[in-house]
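Take a look at the structure below.
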Amino acid sequence: MQVKSELRKRLLEARSRIPESVRRELSERIAENLFMLREFKEAETIFCYISKENEISTEKIISHCLLKGKRIAAPVCKGEEMIFRYIKGGDDLEKGSFSVYEPKSGCEEAKADRETVCVTPALCFNENGFRIGYGKGFYDRFFEKNECVRIGLCYEDYIRDFVPDVNDKAVNVIVTEDRIIRTK
């Protein structure tokens, strides 16, 4: 078993070396697999991160949702907490915490329910749905307080074996470019 902090460091470095063309192709395949999920198709509201740097791109996912008439909300980090606000497109975004684009302060706050799908980023996941993110705990704290369908996006090569921390919250489904993993 690998230690999360060591794995995080190695994966950040490895992910930075993935060529942009490969990242684009893998992101496209992951998005197509996500669109096939029943939970995603049936959801009226999608909470989705705004991708940055070397992350799996969410541009196609957000465009797809807007085209299909789904309500889309993106995260905003406020202190130790994360909330989501509705967006209607790129004009609703501005650079915020950690140099990530976030919905502007005038955007309406979104509330999660059992049918809301939360598209969740990670450096990697294990087969049980636990994730390694950037180590700030925003998604774990959000999931502690909000019931929703948690769907993680991950490169197939980044499904790894590690022991989660006691406060970690698992996703319900992991979507890679090659498969869909339903967790316990």
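The table below gives the values:
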quantity	calculated
Selected residue (criterion: most open to solvent (accessible area, probe 1.4 Å)) from residues of the stretch 148-183 that are among the acidic types (Asp, Glu) and within 17 Å of LEU26 (Cα to Cα)	ASP157
Check on GLU28, part of a strand (DSSP E or B), farther than 16 Å from TYR158 by Cα, open to solvent by 40 Å² or more (accessible area, probe 1.4 Å) and touching a Lys or Arg at 6+ places or on another chain (Cβ under 8 Å)	no
Selected residue (criterion: modelled with the lowest pLDDT) from residues of the stretch 95-110 that are surrounded by 12 or more Cβ atoms within 10 Å (Cβ to Cβ) and farther than 18 Å from LEU66 by Cα	SER97
Among residues of the stretch 134-162, those that are touching a helix residue (DSSP H, G or I) at 6+ places or on another chain (Cβ under 8 Å) and of a type in the set (Gly, Ala, Ser), counted	1
Residue check for PHE35: touching a His at 6+ places or on another chain (Cβ under 8 Å) and either among the hydrophobic types (A, V, I, L, M, F, W, C) or modelled with pLDDT of 95 or more (or both)	yes
Condition met for CYS118 (assigned to a strand (DSSP E or B) and either small (Gly, Ala, Ser) or open to solvent by less than 30 Å² (accessible area, probe 1.4 Å) (or both))	yes
Matching residues, the stretch 37-58, being open to solvent by 70 Å² or more (accessible area, probe 1.4 Å) and either free of Cβ contacts under 8 Å to residues at least 24 places away in the same chain or under 20 Å from TYR134 (Cβ atoms) (or both)	ARG38, LYS41, GLU53
Given (1) crowded, with 16+ Cβ neighbours inside 10 Å; (2) out of contact with any Lys or Arg (no Cβ under 9 Å at 6 or more places or on another chain), number of the condition LEU67 does not satisfy	(1)
ARG85 open to solvent by less than 40 Å² (accessible area, probe 1.4 Å), of a type in the set (Lys, Arg), more than 19 Å from GLU177 (Cβ to Cβ) and touching a strand residue (DSSP E or B) at 6+ places or on another chain (Cβ under 9 Å)	yes
VAL100 within 12 Å of the chain's Cα centre (by Cα) and among the aliphatic types (A, V, I, L, M)	no
Some residue of the stretch 164-176 being at pLDDT 95 or above, touching a Phe, Trp or Tyr at 6+ places or on another chain (Cβ under 6 Å), outside any loop (DSSP other than H, G, I, E, B) and small (Gly, Ala, Ser)	no
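The values are calculated or read from the model by the stated rules, or taken from the named source; none is laboratory data. In this text, all values refer to a predicted model and were calculated from it rather than measured experimentally. No Cβ is skipped: glycine too gets one built from the backbone with ideal geometry, and neighbour counts run over all protein chains shown. SASA here: full protein model, heavy atoms, side chains in, ligands and nucleic acids out. Shrake-Rupley method; radii C 1.70, N 1.55, O 1.52, S 1.80 Å.
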